[in-house]
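Please treat every number below as a calculation from the coordinates, not as lab data. All values reported here derive from a predicted model rather than from experimental measurement. Positions of Cβ are generated from backbone atoms using ideal geometry, with glycine treated the same way; all protein chains shown enter the neighbour counts.
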Amino acid sequence: MEHINIFIKAIFIENMIFAYFLGMCSYLAISKTVKSAIGLGLAVIFVLLVSVPACYMLEKYVLKAGALSWLSPDFATVDLSFLSFIMFIATIASIVQLVEMIVEKYAPALYTSLGIFLPLIAVNCSILGGALFMQEREYATLGEATVFGLGSGVGWFLAIVALSAIREKLRYSNIPAPLRGLGITFILTGLMAIAFMSFMGIAL
Amino acid sequence: MSTETIAVPAKPKEPKEALFSPKNKRLLYDPLNDNNPITVQVLGICSALAVTVKMKPSIVMAVAVIVVCAFSNVIISFIRNIIPTRIRIIVQLTVVAAMVILVDQFLKAFVFDVSKQLSVFVGLIITNCIIMGRLEAFAMANKPWPSFLDGIGNGFGYGLILVIVSMIRELFGSGELMGFRIIPESIYKLGYFNNSLVIMPPMALIIVGIIIWVQRSGNKKLIESK
């Protein structure tokens with residue numbers, strides 16, 4: 001039950017885009033067409049699903065105060081948590097690199113359609129944000145961390161696909177010239193975020 | 001013909017560029033308006049919006065980004081010729097992460113309450129696309145001093161938007177600026193209320209959208225075609 005709660009919460013109530021503005025840059029840049037939005041969204045789901053549990057293990061067995069005690073009782077007082085930024089980003093960058101290689105080898109069609117977006121996921125803040133929120137909220141088990149990662153990814157996917165669908169329709173509307181493109185996208189995202197705030201009333 | 005005239009210097013030496021030549025000054029000014037990282041380059045928006053409820057954390061954040069951006073630009077610019085291109089993203093991230101750890105530890109030591117308010121967003125400077133974007137677009141191809149100016153300029157361009165947005169949000173959201181009460185008590189007695197919608201995250205987006213609108217009505221060349 002706890003897992004379902006975390007999942008729903010990560011998608012709707014604590015949506016990466018609408019509640020925390022994470023991964024906004026690629027969200028705004030790559031939401032011009034639905035097709036590319038879906039490609040990037042799926043890649044983000046996958047990377048979050050893999051990297052959040054990986055960072056959880058790293059945090060639990062290497063970085064946390066006393067985490068190294070499985071190695072030898074001498075290390076029980078070692079606290080490496082100040083290294084977490086650099087370790088997390090290294091983990092994420094290498095996972096993205098790995099994903100890139102796997103996709104290139106086994107699904108070349110998908111690889112060409114994603115193009116530059118794949119390596120860019122390494123600097124998508126929602127991935128590092130997911131890892132840091134996982135650390136801040138201290139999820140109890142690996143399962144909870146995994147579900148949180150998956151939920152955040154699905155939330156991000158939902159947001160970018162919704163926005164790209166609206167932007168495709170916007171091409172036919174008459175927007176004031178200075179507001180075209182980026183300006184109206186910001187305002188749209190703001191309105192969508194207000195709509196998503198209505199989920200906050202749900203107590204989980 | 002005397003011999004002296006023959007003994008001219010072998011090669012006319014290339015004049016050394018002044019530290020603040022017009023070209024270098026442009027590096028500083030451009031990001032403030034024409035090439036603003038947030039409103040034109042669409043970089044670094046994630047953190048820009050989340051920390052702007054109050055002015056104090058957004059100023060701290062702006063300073064942190066200026067420092068990280070300038071110094072990681074310089075470091076990458078120094079080592080740009082020895083970075084293998086295949087692994088440059090990881091090298092850049094490592095340099096940036098090291099800088100951010102320094103800033104984070106500094107904030108924790110001297111302004112602990114602000115560093116608590118910024119929570120994960122200090123760490124997220126690592127993935128702030130401004131820094132990666134400038135490293136990729138500028139520092140990898142330029143000398144250290146222009147890179148330094150570029151870092152400072154872009155940091156300020158980012159900070160400018162942050163300060164404007166946070167000023168609007170703090171003034172209308174809590175009637176204060178930097179923690180000092182601006183809207184006097186008497187106006188509240190007349191029936192004025194703090195606008196709690198401005199505090200909400202979505203309003204930050206809408207305010208930035210309006211800033212873009214204002215900026216582009218004044219600066220016609222930035223208007224996007226359909």
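Which value at 222 nm does the protein assembly as shown reach when only helices count, each DSSP H run of 4 or more adding -39,500 (n - 2.57), with the total divided by all residues and rounded to the nearest 500 deg cm²/dmol? Intermediate values should be presented prior to the final figure.
On the way: 20 runs with 269 residues, N = 430.
Only helices count here, giving -20000 deg cm²/dmol.
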Amide hydrogen neighbours beyond the local backbone of B:L177, cut-off 5 Å, H modeled: B:I182
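Enumerate the helices in chain A for which the Kyte-Doolittle hydropathy averages -0.5 or more and the C-alpha atoms extend at least 24 Å along the helix's axis, using complete DSSP H runs.
Membrane-span-like by this criterion, though nothing is claimed about a membrane: A:34-58, A:84-106, A:142-170.
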Per DSSP, loop chymotrypsin sites (Phe, Trp or Tyr not before Pro) in region B:133-202 with at most 14 further Cβ within 10 Å: B:Y192, B:F193
Cα pair distances of region A:131-204 binned at 10 Å [whole percent]: 15, 34, 29, 16, 6, 0
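Around A:I30, what is the net charge, scoring Lys/Arg as +1 and Asp/Glu as -1 over all other residues with Cβ under 15 Å from its Cβ? All intermediate terms of the calculation are to be shown ahead of the outcome.
Details: positive: A:K32, A:K35, A:R167; negative: A:E168.
It works out to a net charge of +2.
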Ascending count of other beta-carbon atoms within 10 Å, so fewest first, for A:S173, B:S77, A:S51: A:S173, B:S77, A:S51
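Under unit Cβ charges (Lys, Arg +1; Asp, Glu -1), what dipole magnitude, rounded to 20 debye, does region A:69-162 have relative to its Cα centre? Let's see the in-between values first.
Values: 2 positive and 7 negative charges, 61 e Å.
Using Cβ point charges on Lys, Arg, Asp and Glu, region A:69-162 gives about 300 debye.
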Rel. contact order, % - alpha carbon contacts under 8 angstrom, at least six apart, chain A: 41 percent
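Do any chymotrypsin sites (Phe, Trp or Tyr not before Pro) in region B:36-117 lie in a loop, going by DSSP, with at most 13 other beta-carbon atoms within 10 Å of their beta carbon, and if so which? Numbers along the way, then the final one.
Values: sites: B:F71, B:F78, B:F106, B:F110, B:F112; in loops: none.
Answer in residue order: no site qualifies.
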For residues of B:37-43, the mean tally of beta carbons on other chains within 10 Å: 3
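What number results when the radius of gyration of the protein assembly as shown, computed over Cα atoms, is divided by 2.2 N^0.38 Å? Present the calculation step by step, with values, prior to reporting the outcome.
On the way: Rg = 23.6 Å, N = 430, 2.2 N^0.38 = 22.0 Å.
Against the compact-globule rule of thumb, the ratio is 1.07.
Are there trypsin sites (Lys or Arg not before Pro) in region A:127-204 that DSSP puts in a loop and that have at most 12 other Cβ atoms within 10 Å, and which ones?
Numbers: sites: A:R137, A:R167, A:K169, A:R171, A:R180; in loops: A:R171, A:R180.
Within region A:127-204, the qualifying trypsin sites (Lys or Arg not before Pro) (loop, at most 12 other Cβ atoms within 10 Å) are A:R171.
For chain A, compute the number of Lys pairs whose alpha carbons are separated by less than 25 Å, excluding pairs fewer than 8 positions apart on the same chain.
Values: A:K9/A:K60; A:K32/A:K169; A:K35/A:K105; A:K35/A:K169.
Taking the Cα cut-off of 25 Å, the pair count is 4.
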Those Cys residues of the protein assembly as shown for which no other cysteine Cβ falls under 4.7 Å: A:C55, B:C69
Angle between chain B longest axis and helix B:144-174 axis [Cα atoms, degrees, rounded to 10]: 10 degrees
Centre separation in Å (Cα based) which lies between region B:77-105 and region B:140-196: 29 Å
